Each structure stands twice: as C-alpha cells, then as structure tokens.
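Written below as structure tokens is the structure these notes are about.
The values are calculated or read from the model by the stated rules, or taken from the named source; none is laboratory data. None of the values given here were measured: they were computed from a predicted structure. Reconstructed Cβ throughout: ideal geometry from the backbone, glycine too, with neighbour counts over all protein chains shown. For accessibility, only protein heavy atoms count, side chains too; no ligands or nucleic acids. Shrake-Rupley method; radii C 1.70, N 1.55, O 1.52, S 1.80 Å.
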Amino acid sequence: MTSTISPAGASSSAAPRSISSGHAAHSPGSAHTASRWTRYAFGNQPRWVRPSAAGLLVATAVLYLWNLAATGYANSFYAAAIQAGTKDWTAFLFGSLDAGNAITVDKPPAALWIPALAGRIFGFSPLSMLVPEALMGVAAVGFLYLAVKRTSGPAAGLLAGGALALTPVAALMFKFNNPDAMLTLCLVLAAYFTTRAIERAGWKWLMAAGAVIGLAFLTKMLEGFLTVPALGLAYLWAAPTSIGRRVAHLLGALGGIAVVAGSYIALFQLTPAPARPYMAGSTTNSFLELTFGYNGLARITGSGEGMPGGGAGGAAGGAAGGPGGGFGGGNSGFGGAAGLARMFGTSFGGEVSWLLPAALILLVAGLWFTRREVRTSTGRASLILWGGWLLVTAGVFSFMSGIVHPYYSVALAPAIGALVGIGAVELWRGREYWPARIVLAGTILGTSIWSAVLLGRDASWLPWLRIAVIILGVLAAAGILVPVDALGTAGRFKRAGAAAVVVVSLLAGGLGAGAWTLATAATAHSGSIPASGPAGSSAGGFGNRATGFRGDRTDGTDAATGTGRFDPGFGGAAAGPGGAGGGPGGEGPADAAVTALLSSTTTKWSAIVSGASQAASLELATNTNVIALGGWNGGDPYPTLAEFQDMVSRGEIGYYIQGGGMGGEGRGGGGMSGRGGNSEVAAWVQANFQAQTVGNSTVYDLTK
C-alpha cells in the first residue's frame with residue numbers, strides 16, 4: 001500500500017507499498033492513506049489475519065498460564081499487600097502491607113488493585129493473584145499487535161506481538177506479581193492510543209494516552225514517565241494539524257496525566273496520617289518524598305536516605321549483609337556496572353537483549369529509508385515513537401547508578417518487538433532494492449550470532465542449540481541475499497521458496513530467545529529479584545550460581561552450598577511457593593513454631609518484626625497482620641518509639657520477634673540494632689519484656 005524501496009525511489013504499481021519508501025509524498029488526509037488505514041484497521045484485510053491474531057493471543061495465554069500454580073506467592077512482599085487488600089478497603093486503596101494499615105509497600109498501589117479485586121471475588125490464593133498478571137501479558141501482546149498493525153500491516157503486528165510474548169523477561173514478569181506487568185501493559189496501551197491519535201490528530205485519543213500514563217505512574221512512579229518523550233515527539237512530529245494545535249493537544253495529554261496521578265497524590269497527602277498507613281520508603285510519611293527520593297532521583301544517582309548501598313542508607317544496607325559490589329555496581333542482581341554495555345551484560349543480556357541489536361539496526365535503517373517521507377507519514381512516526389521509547393528507556397537503565405534490577409528491562413520489550421516487526425517486514429517488502437536486502441540479511445545473521453553468544457553464557461544448557469541458530473542464520477542470510485525471485489522459477493515455486501526463507505529467518509532470529517523463554521515459563525520463581533532462564537542456570541542475574549544468591553530459590557537454602565537459611569530479607573524467598581514458611585531466625589521447625597504462635601493471637605497485629613520481607617512471609621503463613629518495623633529495608637522511621645509504646649499499651653501487638661530485615665536486625669546487622677527508631681524500639685522491648693525462645697527464634701510477648 002506504500003511504495004517499495006528502490007534505488008531511485010520509483011515504485012512498481014504491482015508491488016505492495018512500504019514505509020521504506022524514500023519518496024512517498026502523501027498526507028494522512030489523502031484518499032490513499034485512508035485506504036491503507038481501512039485495510040489495516042477496519043476489517044478489509046486478508047482472511048488469514050484474524051485467525052493469526054487469535055492464534056497469537058491464545059498461544060500467549062497458554063505460555064503465560066502454563067505452570068502458573070508452581071510459582072506460588074512469588075514475591076511475598078507484594079503477595080502480602082494483595083492479601084491485605086482483600087481484607088480491608090483502606091489497605092486496598094493505599095497499598096498497605098498489612099490489613100491493620102501500619103505501613104504501605106514502597107510503591108504506589110495501582111499494581112495491587114486488580115489482583116486484590118480478583119482475590120475478593122474468587123478468594124485470595126496464588127492463582128487469583130497471578131492469573132490477572134498473565135492476562136495483562138496477553139493484553140499487552142494484543143495491543144502491541146494492534147498498534148503496529150495500524151502503521152505497518154498485520155504481518156508486522158504479528159511479528160511484534162510474537163517478539164514481545166517470547167522475550168524471556170516478559171514471560172518472567174507476566175507470570176509474577178511485581179508491578180512491572182501492569183506497568184508494561186499501561187505503556188503499551190498508551191502507545192496504542194498515541195498511534196490512534198497521530199492518524200487524524202485525535203486529541204481524545206491523546207488524552208486517553210495521558211490518563212493511562214498517569215496510571216503507569218501510580219504503578220511504578222517515575223518509571224511510568226520514561227516513554228512520555230517518545231510519545232510526545234511522535235505526535236508533535238506527525239499529527240496532521242497545525243503546530244499550535246499539536247502543542248495544545250500535548251498540553252491536554254499532560255493534563256490527563258496530572259488528573260489521574262495528581263488526584264491520587266492529593267488523596268494520599270490530604271488524608272490525615274492516623275487514618276492511613278505510613279508511606280514506606282519515605283522519612284516524612286510523604287508520597288511526594290518517595291516519588292522524588294527513594295523511587296525517583298535516588299534511583300538515578302544512587303544517593304539519598306533509605307537507599308541501600310547509597311547515602312545514609314548505604315551503610316545500613318551493607319551492614320545487613322546485602323550483596324556485595326554495590327547496588328549500582330558489579331553485582332549482577334543489581335544490574336552490573338553502569339554504561340552502554342549494561343543491556344548486553346550478564347545481568348540484562350539474557351533477559352531482553354536477544355533482539356536488541358536487531359531493533360537498533362532496523363531503527364537506523366528505517367529512519368534512513370524514510371528520510372524523504374512527508375512529516376505526516378504514520379510509518380516514520382511509528383519509528384520515532386518506538387525508537388524513542390527504546391533509546392530513552394535503555395539509556396536510563398544503562399546509566400542508573402542507584403537500584404536497578406534486570407527484570408526492569410521488561411519495559412524495553414514492547415519497543416524492541418515493535419521495531420523488529422516494523423523493520424523486518426518493511427525491508428522484506430523492499431528486498432528487490434539491494435541495500436534493504438543487505439541490511440535484512442545482516443540483521444538476521446547478526447541476531448543468530450548474538451543468540452548463540454547469549455546461549456553460550458550457560459554452556460551446559462542445550463549446547464547444540466547454539467550451533468543450530470548459527471546454521472539457520474547463515475541459511476537465512478543466503479536466502480535473502482540470493483532471492484528466489486532472481487532464480488527465474490515458476491510462480492508457485494517462488495512463493496514456496498520465499499515462504500521457506502521467511503520460516504528459516506524466523507527460526508534463526510527467534511529460536512534462541514524462544515527456547516530461553518519456554519525454559520523460563522517452565523521454572524517456578526519467587527523472591528524479590530527473579531531471573532529468567534532454565535532452573536539452575538549459571539547465566540546472569542540472581543539466578544546465577546556464581547553469585548551465591550538465588551532470588552528464585554524457594555527452599556531457604558544457599559544456592560551455592562545447598563545448605564543453611566538463605567533469606568536475609570530480600571523478599572521472602574524462604575516463604576516458598578505457598579508462603580507456608582517464613583518465620584525469622586531459624587530452620588523449618590522454628591518457622592513452624594513461630595507460625596503456630598502467631599496464628600493463635602487475637603490482637604490487631606500478631607507481631608512486629610524488622611523488615612517487610614519477614615513480615616510479609618509471616619502474614620502469608622499465618623493469615624494475620626504483622627507490622628514491618630522500619631518498612632522494606634528496616635530504615636523507615638515507623639513506628640517511632642512513642643507510637644510503638646502507644647500500640648503496646650492498647651494491647652494491639654502480640655509479639656516482638658527478633659531477627660530478619662535489611663538494615664535492621666538481620667544477619668550482619670548486629671543483633672537488636674537498627675536504623676531510625678528501630679534501635680530504640682528494640683532496646684525498650686529488651687529492657688521491659690521477657691525474652692523467650694520459640695524454636696530458634698527469640699520472641700517477646702508484648703501482652704505481658
């Protein structure tokens with residue numbers, strides 16, 4: 001429907017037109033452009049399109065729902081907050097870690113709302129929590145398909161959606177309960193709305209995009225804004241209206257962001273502190289402080305109060321026995337060293353970079369081949385949108401010196417998939433033009449080689465696969481460089497030959513990532529820093545045996561030695577997939593004894609323990625409310641000694657349990673030491689209550 005790439009920019013009337021044209025000269029308001037939109041968007045399309053799209057969604061659903069029950073409660077930190085939201089509406093609204101509304105999780109609550117609603121309807125369980133996450137993944141694939149289809153056709157949309165579905169980190173996060181699943185869906189939905197807005201300068205679509213970005217902010221704060229520059233630039237560049245109207249429409253979209261995000265901020269800030277939980281991650285009980293501090297600029301700079309490994313929080317975080325190398329340094333679970341190579345390193349590489357080189361090559365090629373397109377070309381606008389998304393997000397992740405985890409890279413997966421889908425299909429359409437043929441062949445061969453490199457990082461896993469993808473890459477590149485069209489064969493054999501080249505190319509580019517994704521889907525993950533790949537893989541991330549810290553271990557053992565308790569407060573790995581364990585300070589019998597003790601309490605909170613990880617594990621195991629003294633890392637000034645004494649005097653807390661928590665009383669933390677009010681609370685409890693041993697844990701009965 002657009003002109004084919006050709007050396008002189010001429011096009012054949014018989015060939016399908018492509019955004020790759022260097023000389024297309026039409027506007028979105030023209031009859032020609034309208035017919036293209038009709039073909040791609042409104043049902044006037046080949047018969048294979050709808051069944052193929054349905055097949056993509058069904059296959060994605062099967063992949064993400066497969067083996068889901070084995071994941072159990074996944075990250076016990078968020079699971080406990082979802083459980084609390086099924087019990088109490090205040091906990092639901094504010095994202096409380098416990099139904100008693102002592103303290104929140106250190107994120108906004110939007111990602112908790114849908115699983116909590118599902119838990120209220122169907123009863124709280126691992127599946128009621130995780131099925132919504134998987135369906136978010138299916139929806140993200142579907143909306144990515146629709147967005148790419150509108151500009152480049154159904155084949156590009158299918159390739160983009162399939163690339164997203166088969167990205168290992170996507171399979172990891174859409175089968176998990178971290179906020180990243182909902183964040184990714186919101187970002188894809190905003191891109192789809194923006195694509196619709198660009199077509200006819202539709203300000204209503206743009207406002208909808210702004211509203212969804214506001215929801216993304218309420219899911220993961222400033223990370224939800226990383227795609228805003230790309231969406232805004234694409235609309236400002238290509239919307240078919242005057243510059244004044246374009247700017248006005250963008251200001252309206254910013255208003256949509258402000259309405260959705262700002263209304264919740266105002267609700268939180270204006271609610272009296274006694275009527276809501278304490279804002280975890282802040283020192284002043286402030287949502288705005290969390291936004292621009294611990295979850296904002298501190299993530300970029302690596303400094304600030306409450307940041308493990310940085311600023312005042314660094315000493316405490318390090319004392320807690322946190323991973324070495326710094327949270328923005330060499331430790332693979334925290335992203336490895338900052339720099340341009342981070343996205344390709346041992347931490348991020350296996351998660352998301354399988355098609356990243358291809359996406360970058362195809363972005364550059366696409367921008368070059370469309371350099372003479374008119375401003376309002378939707379094809380070029382799509383490259384600006386998805387390319388800007390990729391470059392800004394990857395750039396921020398690459399150079400962050402604060403907390404960054406490899407699974408954050410799921411936010412890159414839609415942009416990579418879109419660029420691969422758009423670029424590969426458009427170059428294939430224009431393969432009679434030799435520069436396009438060379439770029440496409442080189443991209444496929446390079447992708448197969450990079451896949452082999454990534455597979456080689458775990459040399460023990462399917463070693464034959466590395467050889468297979470390279471052979472396929474060579475065959476695909478050869479088939480593209482010597483196109484069947486040039487062999488003079490009959491039309492039927494030409495079509496069969498072209499189909500064979502397409503199939504081999506897809507296998508060369510996607511077999512490695514697909515195999516790694518299937519292995520990820522087959523592996524149960526838990527803890528706060530899950531990593532993709534097969535069980536026991538030695539490649540990258542906190543799933544790396546070499547790091548000695550497996551975020552996805554569920555048996556409470558050290559992955560390197562297979563012995564001993566190994567849960568220093570990083571997200572409840574010891575709770576297991578069913579969350580049945582989790583008592584601090586000992587092996588299985590101690591956990592069982594602590595669980596039985598807390599299950600028998602009748603107080604508002606059964607216990608208080610330093611650090612949210614152990615508190616969450618105990619909540620899931622006992623179905624009671626547990627206060628996380630000091631929040632996630634034990635460093636938040638809540639509750640203060642005075643607040644704690646008031647709770648005790650009212651008989652609201654059953655037990656104080658010694659042990660556990662980052663930066664608080666965990667391993668390396670110095671017994672009953674801690675940050676902020678933790679040390680005062682611990683000292684007061686020790687001075688005024690009698691210690692008793694429950695299993696291997698030290699427990700203080702606060703009711704006596």
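In square nanometres, what is the average projected area of the Cα convex hull of region 356-400?
3.2 nm²
For a quick protection proxy, order the peptides 174-182, 447-455 by their average other-Cβ count within 10 Å, most packed first.
Averaged packing, sorted descending, gives the order 174-182, 447-455.
Enumerate the calculated ³J(HN,Hα) couplings along region 99-113 in order (Karplus 6.51 cos²θ - 1.76 cosθ + 1.60, θ = phi - 60°), each rounded to whole Hz, writing x wherever the residue is Gly or Pro.
Karplus values, whole Hz, x for Gly and Pro: 6, x, 6, 7, 8, 8, 6, 8, 9, x, x, 4, 5, 8, 5.
Express in % the proportion of alpha carbon pairs of region 98-230 at distances exceeding 18 Å.
On the way: 5158 of 8778 pairs.
I get 59 percent for the Cα pairs in region 98-230 exceeding 18 Å.
Considering only protein heavy atoms, what is the solvent-accessible area of LEU226 at a probe of 1.4 Å, reported in Å² to the nearest 10?
30 Å²
Checking the a/c ratio against 1.5 first, then a/b against b/c, what shape does the Cα gyration tensor give for region 367-524?
Oblate, because a/c is 1.5 or more while a/b does not exceed b/c.
Shape of region 382-469 from its Cα gyration tensor (a ≥ b ≥ c, root eigenvalues): rounded if a/c is under 1.5, otherwise prolate when a/b > b/c, or oblate?
Oblate.
If we sort 200-212, 144-156 on the protection proxy, mean other Cβ atoms within 10 Å, highest first, what's the order?
Order by mean packing, descending: 144-156, 200-212.
From the square roots a ≥ b ≥ c of the eigenvalues of the alpha-carbon gyration tensor of region 128-205, which class results: rounded (a/c under 1.5), prolate (a/b over b/c), or oblate? Spell out each step's value before the answer.
On the way: a/c = 3.07, a/b = 1.60, b/c = 1.92.
Cα axes put region 128-205 in the oblate bin.
Over region 597-658, how many percent of alpha carbon pairs lie in each 5 Å bin up to the one with the longest distance?
Cα pair-distance distribution for region 597-658, in percent: 4, 21, 30, 26, 15, 4.
May I ask you to derive the relative contact order of region 40-148, considering only C-alpha pairs under 8 Å and at least 6 residues apart, and to give it as an integer percent?
Once normalised by length, the contact order is 25 percent.
Sort 361-368, 102-109 by packing, meaning the average of other beta carbons within 10 Å per residue, with the highest value first. Can you show the working numbers first?
Details: 361-368: 19.8, 102-109: 26.8.
Ranked by mean Cβ neighbours within 10 Å, highest first: 102-109, 361-368.
Working with all protein chains in place, sort LEU270, LEU472, LEU135, LEU598 by solvent-accessible area computed with a 1.4 Å probe, largest first. Don't jump to the answer; show the numbers that get you there.
Working: LEU270 145, LEU472 35, LEU135 90, LEU598 0 Å².
Largest accessible area first, the list is LEU270, LEU135, LEU472, LEU598.
Quick one: grab Rg to one decimal and Dmax as a whole number for region 176-231, Cα atoms only, in Å.
Gyration radius and largest Cα-Cα distance of region 176-231: 11.2, 38 Å.
On the protein heavy atoms, probe 1.4 angstrom, tell me the percent of accessible surface of region 54-136 carried by carbon and sulfur.
The value for region 54-136 is 74 percent carbon and sulfur by accessible area.
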